[in-house]
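The values are calculated or read from the model by the stated rules, or taken from the named source; none is laboratory data. Computed from a predicted model, the values in this text were never measured in an experiment. Glycine also receives a Cβ, built like all others from the backbone with ideal geometry; neighbour counts cover every protein chain displayed. When the accessible area is computed, the model is the full protein with side chains, heavy atoms only, and any ligands, DNA or RNA have been set aside. Shrake-Rupley method; radii C 1.70, N 1.55, O 1.52, S 1.80 Å.
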Amino acid sequence: MGMGLFGTDGVRGRANQGNMTAEMALRLGAAAGRYFRREGTGMAAHRVVIGKDTRQSGYMLENALTAGLTSTGMNVLLLGPVPTPAVGLLARSMRADLGVMISASHNPADDNGIKFFGPDGFKLSDEAEAEISRMVDAGVHLADAPNIGRAKRIDDGRGRYVEYAKTTIPTGMTLEGLKVVIDCANGAAYRAAPDVLAELGATVIPVGVNPNGRNINLDCGSTHTDTCAQAVVAHGADVGIALDGDADRVMILDAQGQLADGDQLMALFATRWAGENRLRGGTLVATVMSNLGLERYLQRQGLALHRTKVGDRYVVEAMRAGGFNLGGEQSGHIVMTDYATTGDGLIAGLQFLAEMVRTGKSAADLMQSFERVPQRLDNVRYAAGARPLDAASVKAAIAEAEGQLAGKGRLLIRASGTEPLIRVMAECEDPELLDRVVEDVASALRDAV
C-alpha cells in the first residue's frame, strides 16, 4: 500500500472497494489522528473538522473516519455538506489539528475520496501523506479509554463559509442587476453558493441543487456545462457559473452559453492584479496542462508563468515556496491565497462577477483574454495493474509523436492521479498534425492495454 494510498488529491477510488471501504477509512482516520494529535495538550485541543459532499457513500465514510479519529483521542466536529475550501477555511479558523473532506470532486457518484488539510488550512505535503500511509500499514497506538474523543455536528459551518465568501468582493459592491445561473452539480455547494449570490444582490437561477446521493456531477456542473449553458440562454442570464461536486473548480459561461476555462480566468485575474500591483512576483502559477496561448499572453504583459505538475496541491506548494498569490489549473481550480488555501470555485466566480460590475463589461468581453493554441486531450482507460506506458510500442509511438511536433508544439503524456487513465495531450498550430499525433499515441496505448 504505502505511497500508493494517496494520489494527486488525497485517497480516491470506487466506494466500498479497494481503498474506499469503511475499514480503510477507519484505519486512515486512526493514522491521521495519531499523526496530528499534539501530545501534552488538553483534550479540547485535539480537534478535527470533517466535511463532505452529497454522495451516498459519504455517510459510511464519515462514520468510519469518525470512529478512527476518536479512537486516537481526536474530537470530531461534523460539518455536513460543505465545499472543499470551507474545510480548509474552518480547519484554520476553528483552530483544528486537522481538516478532512470526503469527496471525489468531479468524479461520478460511485467514486469517493478523502482529502486532508493541516491546521494551517493547506493540503498535506507528500512527506506527511507518506508518513500517514506508513502508519496505516503499521497500525497506531490507540487512546486509553478515558481519552477517547467525542463527535458532534456543527450547525453553522456552512453559514461561516457563506459569510466569509461575501467578504471577498470589494466592500460596498453589490451584484444587483446581474442575473446569474449557478450550477452546483448537485454537490457540496448546493445551498451555500445560491445563498452567497442572493445575499450579494444577484438574481439567482439555481441549477443542480437537488442532490439525492446519486446525481452528483451527473450531466451538470463544471464537467458537463451544457446544462448550465442551456439555463443561461433559456433565462436570458448575464452569466453562468458552473461548479464541480465539491466546489473547488469553476467554469464561466457568457450570455450565449460560451465557455471560459481556468486558463482564461487566470489570464483575466493576473492582468487585473498586476495592474493593481497585487500580483506577487509578477508571476502566475499553473500546471503543464495550461495552454501555450496563456504563456504567450502573459509574456506580452511582462508577466511570468511558472508551471508545475498536474494537481492543485502542487500549484499551491509552488505558490507558497515562491511567495506567489495566484495560480490554478485549466480544469478550473483557481487558487487565490489572498482569500483561500485551496481552489475555490465560488470565490473565483465572485471575482469574475466583481470584474463585470467594476468594468461594466459583459462576460463575453472579459472571458477571452488570449487566443488558444489548438489543444487536444484524449483519455485512455486501463485495467488495474496494467502498465501501458511501459510497452515498447507505446514508447516508440511517443518518440515518433515528439519528433513530429519538434519546434511546432508540445506533447504531454501522464497517468491520472485520481482515475485509471492515461491522458494524452498535445498542442500544435497545425490542427491536422495535432489530431494525427494524439490519435497515434492513444491508439498505441489502447493496443497495449
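Some points to look at:
- Answer residue from the stretch 377-397, given it is of a type in the set (A, V, I, L, M) and closer than 11 Å to A442 by Cβ and is nearest to the chain's Cα centre (by Cα) among those: L377
- Only residues that are in a helix (DSSP H, G or I), more than 33 Å from the chain's Cα centre (by Cα) and surrounded by 11 or more Cβ atoms within 10 Å (Cβ to Cβ) were counted across the stretch 137-163, and they come to 1.
- G51 at positive phi and small (G, A, S): no
- Residue match in the stretch 77-90 (condition: over 22 Å from Y161 (Cα atoms), in a helix (DSSP H, G or I) and in contact (Cβ under 8 Å) with a residue 40 or more places away in the chain): no
- For the stretch 382-393, the tally of residues that are exposed (fewer than 14 other Cβ atoms within 10 Å of the Cβ) and not small (G, A, S) stands at 2.
- Pairs with Cβ under 8 Å, 6+ apart, first in the stretch 431-449 and under 17 Å from A392 (Cα atoms) and part of a loop (DSSP other than H, G, I, E, B), second open to solvent by less than 80 Å² (accessible area, probe 1.4 Å) and among the hydrophobic types (A, V, I, L, M, F, W, C): V449/V380; V449/A383; V449/A386
- Criterion: among the small types (G, A, S), buried (at least 21 other Cβ atoms within 10 Å of the Cβ) and in contact with a Pro (Cβ under 8 Å, 6 or more places away or on another chain) - qualifying residue of G332, G345, G349, G328: G345
- Matching residues in the stretch 401-426 - criterion: being assigned to a helix (DSSP H, G or I) and surrounded by 14 or more Cβ atoms within 10 Å (Cβ to Cβ): A401, E402, Q404, L405
- Filtering the stretch 18-53 to residues that are modelled with pLDDT under 90 and among the acidic types (D, E) leaves only E39.
- Residue tally, condition without any contact (Cβ under 8 Å) to a residue 40 or more places away in the chain and crowded, with 16+ Cβ neighbours inside 10 Å, over the stretch 308-325: 4
- Qualifying positions in the stretch 270-295 - open to solvent by less than 10 Å² (accessible area, probe 1.4 Å), part of a helix (DSSP H, G or I) and either in contact with a Ser or Thr (Cβ under 6 Å, 6 or more places away or on another chain) or in contact (Cβ under 8 Å) with a residue 60 or more places away in the chain (or both): G293, L294
- Hits in the stretch 87-108 - residues which are under 17 Å from the mean Cα position of the chain (by Cα) and open to solvent by 10 Å² or more (accessible area, probe 1.4 Å): L89, H106, P108
- Residue pairs whose Cβ atoms lie under 8 Å apart, sitting 6 or more positions apart in sequence or on different chains, and linking a residue in the stretch 377-404 that is among the aromatic types (F, W, Y) to a partner that is in a helix (DSSP H, G or I), are Y382/P388; Y382/L445.
- When E371, E402 are checked against the criterion of being within 25 Å of G332 (Cβ to Cβ) and among the acidic types (D, E), a single residue qualifies: E371.
- Members of the stretch 204-251 found to be open to solvent by less than 50 Å² (accessible area, probe 1.4 Å), without any contact (Cβ under 8 Å) to a residue 40 or more places away in the chain, touching a helix residue (DSSP H, G or I) at 6+ places or on another chain (Cβ under 9 Å) and not in a loop (DSSP other than H, G, I, E, B), listed by number: V204, I205, V207
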